[in-house]
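A.B. asks: Below is the structure I would like to discuss, written out as structure tokens.
Just so you know, all these numbers are worked out from the coordinates, no wet-lab data involved. Everything quoted here is computed from the prediction, not taken from an experiment. So basically every Cβ, Gly included, is an ideal-geometry build from the backbone, and we count neighbours across all protein chains shown.
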Amino acid sequence: MTSAPTILWFRHDLRLSDNPALIEAMARGAVVPLYIHEDAAGGARAADWWLHQGLEDLGRSLREFGATLVLRCGEPLAVLRALVAETGADTVCWNRCYDPSAITRDKTIKQALQEDGIVVSSHNASLLFEPWRIKTGADAPYKVFTPFSKACLKAPTPPAPLAAPQRISAVAEVASEALGDWGLCPVRPDWAGGLRETWPVGEAAGQERLHDFLTTTLRGYREGRDRPDREATSRLSPYLRGGQIGPRQVWHATQHVMVVRPEVASDAEVFLRELLWREFSYHLLFHFPDLSHKPLNARFGDVAWRQDSEALRAWQRGLTGYPIVDAGMRQLWRTGWMHNRVRMVAASFLVKDLLLPWQEGAAWFMDTLVDADPASNAASWQWVAGCGADAAPFFRIFNPVLQGKKFDPLGDYVRFYVPELARLGPEWIHEPWKAPAAALAAAGVVLGQNYPRPIVDHGAARVRALAALGYSGKT
């Protein structure tokens, strides 16, 4: 234990349990908990709203443990140096970030602080495996998910999660900015009402969500996870992204359930594969830092994408005329989240039916998702577009009507998020343009007025996409 305090720099790890940087800082003595906000312009994204709630929750938790969260806005190295001068700290601890800009930033900061005589200690709290440790037999990064996941399962088991401390020895009276001054929450207009209704935010909420999933929802997950009309998924992604829960906590809790409830083991295995897809996404982002904007498969770099602002806007607003796509996009806008099956359908519609760049969709998702994650978002969009690692073949194009009929067979999901179609029967709800005039009239649907006609014909769009993507074979 040292006499000088240690600065604990929180980033995407807004929790006290399973926080190795916190444990390291505590072992050294008094702690100065710090969060640095780098975007002085304020937030206009769903993830910023989530961050505000997460910081409020972390601040409350720290106060209960005898510490105060210090909030500072600015360039991180300058903030850290100023705080070192104010407190006399001789060590800075943090948990690692893995997106390219953060890696570059942290390397620069670490070198500069060490040159100042400050000890820097970094740890892993965000991943099951460090992205440089899982490699092929040729010592190369994986580009296909299945062998990657098998390699992970053969690797040493991720460490057990760390318990939260009982008390934190903290430095008193360190100046802090006011969270409300950062403008992370929307005001005019306040579009976050649906987010507040949908998401309790914080470490306890993340733990409760995991418990509820494992005890009540996990059984049947293998089939149910594709049904947007059911509450059949974990909805843990925002908590993982915000750091209110750690992947080791999810992994070990699920493994425990597999032992005590063997009847759900097959469902749990599928769920753990989803957690490993998150790992794979970070593996790709680490090894291919251009993942967010450059196709991994170079042959897709010269696709003649269309530029159509009206079509893009219709997709963003959920006004494409394809009910399953529109329901998903409206769920996204209202709640900051979208069911994964519908994410794939909506993404395919943008890229294949509208022939708009996948980067446009990825950017929209980063603005509107509470679980906006640079790795999972980029990897998943490239998967749908067919240009990434382990990608779906680019010539496989989701049919939004068939997808709706298969995974929302009664139309309950569509009815909830597209209420103008609520009175339409299940036989027509996924293709209202084919409904008889009497059925439309009875449901109060006037195509082109209170619900749009399809902005593109799927059959013709499919042919166009195949030609643009250079496919000449048989599907």
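A.B. asks: Only counting other Cβ atoms within 10 Å, I'd like THR215, THR233 sorted with the fewest neighbours first.
C.D. replies: Ordered from fewest to most neighbouring Cβ atoms within 10 Å, THR215, THR233 come out as THR215, THR233.
A.B. asks: Something else about it: Enumerate the residues in the stretch 145-166 having an amide nitrogen under 12 Å from the point lying 7 Å beyond the Cα of GLN255 toward its Cβ.
C.D. replies: Flagged as within label range: 153-161.
A.B. asks: Among the aspartates and glutamates, select those whose C-alpha is under 15 Å from the C-alpha of LYS110, and discard any that sit fewer than 8 residues away in the same chain.
C.D. replies: GLU75, ASP90
A.B. asks: Is the chain best put as rounded, prolate or oblate by its Cα gyration tensor, with a ≥ b ≥ c the root eigenvalues, rounded for a/c under 1.5, and otherwise prolate when a/b is larger than b/c, oblate when not? Show your work: numbers first, answer last.
C.D. replies: Details: a/c = 1.83, a/b = 1.71, b/c = 1.07.
Since a/c reaches 1.5 and a/b is larger than b/c, the shape of the chain is classed as prolate.
A.B. asks: Suppose only helical runs count, i.e. DSSP H with n ≥ 4. What mean residue ellipticity at 222 nm does that imply for the chain under -39500 (n - 2.57) per run, divided by all residues and rounded to the nearest 500 deg cm²/dmol? Working shown, then result.
C.D. replies: Values: 20 runs with 215 residues, N = 475.
Helices in the chain give a 222 nm mean residue ellipticity of -13500 deg cm²/dmol.
A.B. asks: Moving on to the next point. In the structure shown, do any of LYS135/LYS294; LYS107/LYS150; LYS107/LYS143; LYS294/LYS434; LYS154/LYS406 have a Cα-Cα gap over 29 Å, and if so which?
C.D. replies: LYS107/LYS150; LYS294/LYS434; LYS154/LYS406
A.B. asks: For the chain, give the magnitude of the charge dipole about the Cα centre (Cβ charges: +1 Lys/Arg, -1 Asp/Glu; no others), in debye to the nearest 20.
C.D. replies: On the way: 52 positive and 52 negative charges, 294 e Å.
Value, rounded to 20: 1420 debye.
A.B. asks: Residue separation times 0.36 nm, minus the C-alpha to C-alpha distance between THR104 and GLU56: what's the value?
C.D. replies: Values: separation 48, 0.36 × 48 = 17.28 nm, distance 2.83 nm.
My answer for the length gained is 14.5 nm.
A.B. asks: When a/c reaches 1.5 or more, the comparison of a/b and b/c decides; with that in mind, is the stretch 23-73 rounded, prolate or oblate per its Cα gyration tensor?
C.D. replies: It is prolate, given that a/c is not under 1.5 and a/b is the larger ratio.
A.B. asks: Still on this structure, please answer the following. Rounded to the nearest 0.05, what FRET efficiency is calculated for LYS154 and ARG453 with R0 set to 45 Å and r the Cβ-Cβ distance?
C.D. replies: Working: r = 53 Å, r/R0 = 1.17.
Result of the calculation: an efficiency of 0.30.
A.B. asks: Give, as a single signed number, the net charge of other residues whose beta carbon lies under 13 Å from the beta carbon of ARG45, with Lys and Arg counted +1 and Asp and Glu -1. Show your work: numbers first, answer last.
C.D. replies: On the way: positive: ARG241; negative: ASP39, ASP48, ASP367, ASP371, ASP373.
Around ARG45, the charge tally is -4.
A.B. asks: Assuming R0 = 45 Å, can you tell me the calculated FRET efficiency for the pair ALA438 and VAL270, based on Cβ-Cβ distance, to the nearest 0.05? All intermediate terms of the calculation are to be shown ahead of the outcome.
C.D. replies: Working: r = 43 Å, r/R0 = 0.97.
Working from the Cβ atoms, E equals 0.55.
A.B. asks: For the pair ARG133 and CYS73, how long in nm is the line joining their label points, each one 7 Å along Cα→Cβ?
C.D. replies: Between ARG133 and CYS73, the label points sit 3.8 nm apart.
A.B. asks: Suppose R0 equals 22 Å; then what is the FRET efficiency for GLN307 and ASP367 from their Cβ-Cβ distance, rounded to the nearest 0.05?
C.D. replies: Details: r = 19 Å, r/R0 = 0.87.
For R0 = 22 Å, the calculated efficiency reads 0.70.
A.B. asks: Sorting GLU279, GLU431, GLU130 on the 10 Å Cβ count, fewest up front, what's the list? Working shown, then result.
C.D. replies: Working: GLU279 23, GLU431 18, GLU130 13.
Listing GLU279, GLU431, GLU130 from fewest to most nearby Cβ atoms yields GLU130, GLU431, GLU279.
A.B. asks: Note down the Stokes-Einstein diffusion coefficient of the stretch 6-124 in µm²/s, whole number, using a Kirkwood radius over alpha carbon pairs, 4 °C, and 1.567 mPa s.
C.D. replies: On the way: Rh = 14.7 Å.
The Stokes-Einstein estimate is 88 µm²/s.
A.B. asks: In whole Hz, with x marking every Gly and Pro, tabulate ³J(HN,Hα) for the stretch 214-223 from phi via Karplus 6.51 cos²θ - 1.76 cosθ + 1.60, θ = phi - 60°.
C.D. replies: Karplus values, whole Hz, x for Gly and Pro: 5, 8, 10, 10, 4, 5, x, 4, 3, 8.
A.B. asks: According to a simple spin-label model (label point 7 Å from Cα along Cα-to-Cβ), what is the distance in nm between ARG222 and LYS294?
C.D. replies: 4.1
A.B. asks: Next question, about the same structure. If we count every other residue with Cβ under 11 angstrom of PRO454's Cβ, Lys/Arg +1 and Asp/Glu -1, where does the sum land? Walk me through the numbers before you get to the answer.
C.D. replies: Details: positive: LYS434, ARG453; negative: ASP326, ASP353, GLU431, ASP457.
Every neighbour counted, the sum reads -2.
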